[in-house]
Amino acid sequence: QVQFVESGGGLVQAGGSLRLSCAASGNTFSRTPFGWYRQAPGQQRESVASITTGGSTYYAGSVKGRFTISRDNVQNTVYLQMNSLKPEDTAVYYCNSIPTVSWGQGTQVTVSL
């Protein structure tokens with residue numbers, strides 16, 4: 001079964017940037033669409049961005065224009081470039097396939113004022 005290892009989170013000031021990485025195991029990476037999700041304390045997990053096998057991308061309205069999802073089919077890695085971060089972006093960020101399978105540990109992103 002595919003497993004995900006997210007990294008790249010941290011503490012950043014509002015307006016700053018972070019780049020998240022997600023290493024995926026398995027041999028079907030190039031044939032799988034992926035998404036980034038986030039879960040803030042006390043809230044449900046929500047979809048942030050997704051990318052198809054052909055590279056088409058989709059974004060939640062709250063992050064459109066600030067976040068960019070990309071994929072590297074050689075490195076089996078999905079990225080999320082996050083710019084102009086806001087305190088409301090604070091959450092644990094996860095990646096997963098579409099449809100989702102088991103979840104990784106996620107990576108914490110904290111945006112301070």
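This model, with +1 at the C-beta of Lys and Arg and -1 at the C-beta of Asp and Glu, gives region 1-108 a dipole about its Cα centre of some 140 debye.
Pop out the carbon and sulfur fraction of the accessible area of the chain as a percent, whole number, probe 1.4 Å. Carbon-and-sulfur percentage of accessible area, whole number: 48.
Which whole-number percent is the relative contact order of the chain (Cα, under 8 Å, 6+ apart)? Write down the numbers at each step before the final one.
Working: 271 pairs, mean separation 41.7, N = 113.
Relative contact order, the chain: 37 percent.
Computed over neighbours whose Cβ is under 15 Å from that of Leu85, the net charge equals +3, Lys and Arg +1, Asp and Glu -1.
Compute the accessible area per residue over region 6-113, keeping the other protein chains in place, probe 1.4 Å, unit Å². The partial results should precede the final answer.
On the way: 5480 Å² over 108 residues.
I get 51 Å² per residue for region 6-113.
The values are calculated or read from the model by the stated rules, or taken from the named source; none is laboratory data. It should be emphasised that the depicted structure is a prediction, and the values quoted were computed from it without experimental measurement. Cβ: placed from backbone, ideal geometry, glycine included. Neighbour counts: every protein chain shown. Note: accessible area is taken over every heavy atom of the protein model, side chains too, but ligands, DNA and RNA are not part of it. Shrake-Rupley method; radii C 1.70, N 1.55, O 1.52, S 1.80 Å.
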